[in-house]
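Please read the structure below before turning to the comments.
The values are calculated or read from the model by the stated rules, or taken from the named source; none is laboratory data. Source: prediction; values computed, not measured. Reconstructed Cβ throughout: ideal geometry from the backbone, glycine too, with neighbour counts over all protein chains shown. Areas reflect the complete protein model, heavy atoms only, side chains present, ligands, DNA and RNA absent. Shrake-Rupley method; radii C 1.70, N 1.55, O 1.52, S 1.80 Å.
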Amino acid sequence: MGRLVPVLLTVVVAALGFAALVVRPAAGAPEKTADYVVLAGVPGLRWEDVSPETTPTLWRLAEGGAIGSLSVRSARQPTCPIDGWQTLGAGNFAAWDGEAVPATCPPLDVTIERPDSISANLPDQRTTVSYNQVTLRWGTVPGALAESVRCTVAVGPGAAVAAARPFGRVDRYAEELPPDPRDLLASCVLSIIDLGTVAGEDPDVRAAAARRADATLARVLAARPERSLVLVAGIADTDRSSRLHVVVADGPGWERGWLTSRSTGREGYLQLVDLAPTALAALGRPAPDQLFTGRPAIVVEGRPADLPEALAVPSDADREARAQQRVARWFFTLLAGLQVLLAVAVVPLLRRARRHAGPGGPAPAPRRVVATVEVLLIAAALAIPTALVADVVPWWRGEHAGVYFALVTVVLLAAATAGVRLARAYGRTLWPLGSVAALAALVVAVDVITGARLQLNGVIGYSALEGGRYAGLGVVALGVFVAGSLLTAGWLAQRVRREWRPAVVVLVGAVGVIIVGSPYLGGDPVGAIALTAGVSVAAAISTGGWLTPGRLASATVAGLAVAIGFAVLDLRQPPDQRGSIGRFLAAFGDGTSGLAVHRSSAANLAALVGSPLTVLAVVGAVLVWFALLRPWGGLKRLFGIYPAIRAGMVGITVAALLGGVLGGSALNVAGAAAALAVPMAALAALRVLDHAADRTMPPAVPWPEDPAGMSTR
């Protein structure tokens, strides 16, 4: 029976992980809602530019239609107007060329030839198609939207870029909107209109540009065909400061509500790449899924009836996202620097921590110094979870957002550290490790269960301006949750009888897998598969001993069972409803997986080079390998006394590395996990060494004499 326990537990964790990944919200195929679609683009338009006085037409359109915040991510940042227009027409991340973006986006300057009075031609289109196909990693085909319909109308130079087919032809083109555009808008099922650009920071200049765009929009709405969908979007930035922009949809079936899509999974948010599939879905046309990255938009309820109240939501989100970009950079840089200094300070304490028997050996460090370092280690481990909780307070609304965030985070960190330090159980060897890990995992879990609202545009979460993720579990939170849940599992398992330890690890780990992988919660199948592997390895060695081939095989079977099972069911989903794993396997089947591998490799390289979390991962590995695992480092002794803690640490290593590499974030997951696990490992090692032996001399007791008077010495 003892031999069957690991196998049975493997089956349990595989079944629970599999169930968590395959159960997803029902999503029907988009239905045709319009006979015509009009895409009106206004680069630079933000919700702060919209008002009843300045833009009365757009205001009325937003009152009756569906609204949201538009993330204008393209193949390069920031997204200047020419890149925004091209991304709109490609349905995928695109860039016009490889030139560096200056401080202010240059005016749209594209050569447009007029071979006749109806059509137009972009001679540079073939060059930019080649650039996107060969140089960039997205496999974008500019003009994919125009190729999906029989006829396209373009009004204005920006619209010509979006409506040009891959070989450069624009079916119907007008430099500006004619006095009566009815016939022009009714001549093709898809019309793309350039309403002008709203640029600069001068309120008067922006208001004047918004009025001109609104006046042109009024003429478009007056001439719109019957049963038409009108999409108005601020499709690009105008300088290096990325922002969230306006998106409004008006037409049959697009009445008052929030816009969202499967690509964001968050109500009130769309990506620029979602607009092309939205237009085709509204027309009932098939979308080129292998070329499009976005997903069709839908309308969800919950928008306030009062438009000013509704618009306060995207305006506040834009303000928070801007503040997050500035604050997150210095927060992680400061955290990495402080953890490096703390690692340097811990090494001499480790060398002096073990109390050698007898009068020899180095003098132990003063108790006050050790106690202070312990508190600092606790604070370092709790820094990321408390920074996540700091988003409960709207610090970004203040004039000095960074200062307010720092104050809120310091107060919360002090309270959390004091709670751990002042607990009655603090003197126990594993109490700080277990309580900190449980607290960190609980913070992330509660946030995910309640909608991951603290992670969206949060310092510890993900930014809607950068794209990639808008809902669920972010990279940093995944690392913290992996470390917290597996350390908690090891801590709890160590408190029960040896034969029950694998069951405890599996129970805690299975709950974690569900939180990470369920589409209703974390929505991260790659992270769930990685955590499954970590839990399986931890359960296999939680009773002690080595990771034998049999134990490794059972752990591997669990991870593969979850991965293969989810992949099979994901492949059976409709193409527009597949997850990342299903899309990759579909690409592998049709011979285009090399592009996905290239994208993942490029993402890993960018994350490896440009993130302070890489420093945390490397410093943590160096401290563990060259200090904690040395004979004087204490970690080996800790692992020998508490094998379940060793199991948790090994599981963290497996899960964090797999989650980062497979998810395209390199060492970011491992860095976030190390920020929690390494300080706690160092603290536990200090305590184990302190308890290793007693420096006091034994009392002098005379040796007994034998009957013959001879000493027994």
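Remarks
- Considering segment 267-297, and only residues there that are among the charged types (D, E, K, R) and farther than 21 Å from E63 by Cα, the residue that is surrounded by the most Cβ atoms within 10 Å (Cβ to Cβ) turns out to be D274.
- Tally, over segment 244-266, of residues that are modelled with pLDDT of 90 or more and either among the acidic types (D, E) or out of contact with any strand residue (DSSP E or B) (no Cβ under 9 Å at 6 or more places or on another chain) (or both): 1
- Any hit, segment 94-101, residues being small (G, A, S), open to solvent by 30 Å² or more (accessible area, probe 1.4 Å) and either without any contact (Cβ under 8 Å) to a residue 40 or more places away in the chain or in contact with a Lys or Arg (Cβ under 6 Å, 6 or more places away or on another chain) (or both): yes
- Considering A452, A416, the condition of being in a helix (DSSP H, G or I) and either open to solvent by less than 30 Å² (accessible area, probe 1.4 Å) or in contact with an Asp or Glu (Cβ under 7 Å, 6 or more places away or on another chain) (or both) is satisfied by A416 alone.
- Residue satisfying all of: in segment 46-77; in contact with a strand residue (DSSP E or B) (Cβ under 7 Å, 6 or more places away or on another chain) and over 20 Å from L229 (Cα atoms); surrounded by the fewest Cβ atoms within 10 Å (Cβ to Cβ) among these: R46
- L616 being in contact with a helix residue (DSSP H, G or I) (Cβ under 8 Å, 6 or more places away or on another chain), more than 29 Å from V496 (Cα to Cα), at pLDDT 70 or above and open to solvent by less than 50 Å² (accessible area, probe 1.4 Å): yes
- Residue list for segment 187-222, filter: within 25 Å of S241 (Cα to Cα), assigned to a helix (DSSP H, G or I), open to solvent by 30 Å² or more (accessible area, probe 1.4 Å) and aliphatic (A, V, I, L, M): V205, A208
- Residues within segment 503-520 that are at pLDDT 85 or above and of a type in the set (F, W, Y), tallied: 0
- Set side by side, the residues P286, P296, P314 differ, and just one is out of contact with any Pro (no Cβ under 9 Å at 6 or more places or on another chain) and either hydrophobic (A, V, I, L, M, F, W, C) or within 16 Å of I67 (Cα to Cα) (or both), which is P314.
- Selection of first residues in segment 111-122 that are touching a residue at least 12 places away in the same chain (Cβ under 8 Å) and of second residues that are exposed (fewer than 14 other Cβ atoms within 10 Å of the Cβ) and among the charged types (D, E, K, R), restricted to Cβ pairs under 6 Å at least 6 apart or on distinct chains, gives the following pairs, ordered by first then second residue: A120/R114; N121/E113.
- In this structure, R137 qualifies as part of a loop (DSSP other than H, G, I, E, B), under 18 Å from D289 (Cα atoms) and not hydroxyl-bearing (S, T, Y).
- Of everything in segment 137-182 that is of a type in the set (F, W, Y) and crowded, with 22+ Cβ neighbours inside 10 Å, the residue that is nearest to the chain's Cα centre (by Cα) is W138.
- Evaluated against (1) surrounded by 24 or more Cβ atoms within 10 Å (Cβ to Cβ); (2) touching a Phe, Trp or Tyr at 6+ places or on another chain (Cβ under 9 Å), L108 falls short on exactly one condition, (1).
- Qualifying residue in segment 427-436 (condition: outside any helix (DSSP H, G or I), open to solvent by less than 60 Å² (accessible area, probe 1.4 Å) and of a type in the set (A, V, I, L, M, F, W, C)): yes
- Condition check for A233 on (1) open to solvent by 20 Å² or more (accessible area, probe 1.4 Å); (2) within 30 Å of P181 (Cβ to Cβ): one failure, at (1).
- Residue check, G461 within 21 Å of P612 (Cβ to Cβ) and surrounded by fewer than 21 Cβ atoms within 10 Å (Cβ to Cβ): no
- Residue-level check: of (1) of a type outside the set (K, R); (2) closer than 24 Å to D274 by Cβ; (3) more than 27 Å from the chain's Cα centre (by Cα); (4) in a loop (DSSP other than H, G, I, E, B), N92 misses just (3).
- Qualifying residue in segment 690-707 (condition: modelled with pLDDT of 70 or more, open to solvent by less than 10 Å² (accessible area, probe 1.4 Å) and in contact with a helix residue (DSSP H, G or I) (Cβ under 6 Å, 6 or more places away or on another chain)): no
- Figure legend. Inter-residue proximity from segment 248-261: first residues farther than 14 Å from V313 by Cβ and without any contact (Cβ under 8 Å) to a residue 60 or more places away in the chain, second residues buried (at least 23 other Cβ atoms within 10 Å of the Cβ) and of a type in the set (K, R), beta-carbon distance below 7 Å, spacing 6+ or different chains. Indicated pairs: S261/R295.
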